[in-house]
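Please read the structure below before turning to the comments.
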Amino acid sequence: MRYATAFIFTFFLISPCHSEGGYVGVGAAFNSSESFDNQDSGLRLDWGATITDGIDLEWSLIDFGKSYYDDPKLIAPDLTDSDESNDSPQFENIGFGTASSSGGGSYQGISNLHTLGLSAGLKFKKRVNDWIQVFARASFLGWQANTSMVGIYGASEAEYATVDAEGNALPSGDTSIISNYNPCGNNGYCRDIEEDGKTHYAVDFWYGYGIMAKPYKWLALRAEYSITTLNAVDFPKATLEGFTTSMEIHY
């Protein structure tokens, strides 16, 4: 990771050198991902330096938007079924988290995450005619993802509904020293959201290719398909794809 960080820093240092011009552009990023149940679109800001007719140095600020997991489905135990595997609560469609079948069942995991990135890389261009170019881009992407966490708790069985710290049953109606309440403050079904979960950081590769039209020397319309795989410790490895349409001002 430190080598990629040094590479990005070096790009910033050499950007003023040997440049034949530059550009800045902004556009909408229509993102998708098979790694999540739902994916927001985002925004993208590009700027660069033209090194030769065929190569640009390019930097980008990218907001990938929020990525969402659906809540896992809690299946209550079926005590009338002779199959012992159905005697404990179960969770289906688990995203990135951990589930327990103790008590009424519980799950803790990521509900959604919001990914932002800063990239530096090279864009290789080829002229098709006087005002159309095709290009391919390869960049290092330094990103952070802020997570929101969800906790889901099933209703506890009656014999475990009111116990003290030693696990002893309390007299009926005595709720003064109950120790096994869920975060919602009861023993029923609970969905608890923690908005400020862990923030993850990493550096990965980000690739793109597309087409650019320049109706004027100072103006370009750009369309690009891009893909990156976010990979970090204790983080759901996820592939994000995007289709960006943007407008650039060249100088």
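Of all residues in region 33-66, exactly one satisfies the criterion of being touching an Asp or Glu at 6+ places or on another chain (Cβ under 6 Å) and outside any strand (DSSP E or B), namely Asp37. Ala138 meets each of the listed conditions (1) over 20 Å from Asp40 (Cα atoms); (2) at pLDDT below 95; (3) among the hydrophobic types (A, V, I, L, M, F, W, C) apart from (2).
Filtered by the rule that a residue be in contact with a Ser or Thr (Cβ under 8 Å, 6 or more places away or on another chain) and among the hydrophobic types (A, V, I, L, M, F, W, C), region 184-220 gives Ile193, Val203, Phe205, Trp206. Give me the residue from region 23-54 that is surrounded by fewer than 20 Cβ atoms within 10 Å (Cβ to Cβ) and in contact with a Phe, Trp or Tyr (Cβ under 6 Å, 6 or more places away or on another chain) and, out of that set, nearest to Ser139 (Cα to Cα). The selected residue is Trp47. Taking region 195-205 only, how many residues are within 21 Å of Gly95 (Cβ to Cβ), in a strand (DSSP E or B) and open to solvent by 20 Å² or more (accessible area, probe 1.4 Å)? Residues in region 195-205 being within 21 Å of Gly95 (Cβ to Cβ), in a strand (DSSP E or B) and open to solvent by 20 Å² or more (accessible area, probe 1.4 Å): 3 in total.
Each residue in region 170-213 was checked for being at pLDDT below 80 and either closer than 30 Å to Leu61 by Cβ or in contact with a Gly (Cβ under 9 Å, 6 or more places away or on another chain) (or both), and 3 of them qualify. Residues of region 206-248 that are under 17 Å from Phe64 (Cβ atoms), open to solvent by 80 Å² or more (accessible area, probe 1.4 Å) and in a strand (DSSP E or B): Tyr207, Phe243.
Conditions (1) of a type in the set (Val, Ile, Thr); (2) more than 30 Å from Tyr216 (Cβ to Cβ); (3) in contact with an Asp or Glu (Cβ under 9 Å, 6 or more places away or on another chain), marked per residue:
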site	(1), (2), (3)
Ala99	no, yes, no
Ser106	no, yes, no
Gly109	no, yes, no
Leu116	no, yes, yes
Ser119	no, no, yes
Lys123	no, no, yes
Val128	yes, no, no
Gln133	no, no, no
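Being modelled with pLDDT under 60 and surrounded by 14 or more Cβ atoms within 10 Å (Cβ to Cβ) holds for only one residue in Ala145, Ala155, Ala161, and it is Ala161. Considering only residues in region 69-84 that are outside any loop (DSSP other than H, G, I, E, B) and open to solvent by 70 Å² or more (accessible area, probe 1.4 Å), the one that is modelled with the highest pLDDT turns out to be Lys73.
Among the candidates Asn31, Asn38, Asn93, single out the residue that is under 30 Å from Met149 (Cα atoms) and either at pLDDT below 90 or of a type in the set (D, E, K, R) (or both).
On the way: Asn31 fails: either at pLDDT below 90 or of a type in the set (D, E, K, R) (or both); Asn38 fails: either at pLDDT below 90 or of a type in the set (D, E, K, R) (or both).
Just one listed residue meets the conditions, Asn93.
The values are calculated or read from the model by the stated rules, or taken from the named source; none is laboratory data. None of these values were measured; they are calculated from a predicted model. Note: ideal-geometry Cβ built from the backbone for every residue, glycine included; neighbour counts use all protein chains shown. When the accessible area is computed, the model is the full protein with side chains, heavy atoms only, and any ligands, DNA or RNA have been set aside. Shrake-Rupley method; radii C 1.70, N 1.55, O 1.52, S 1.80 Å.
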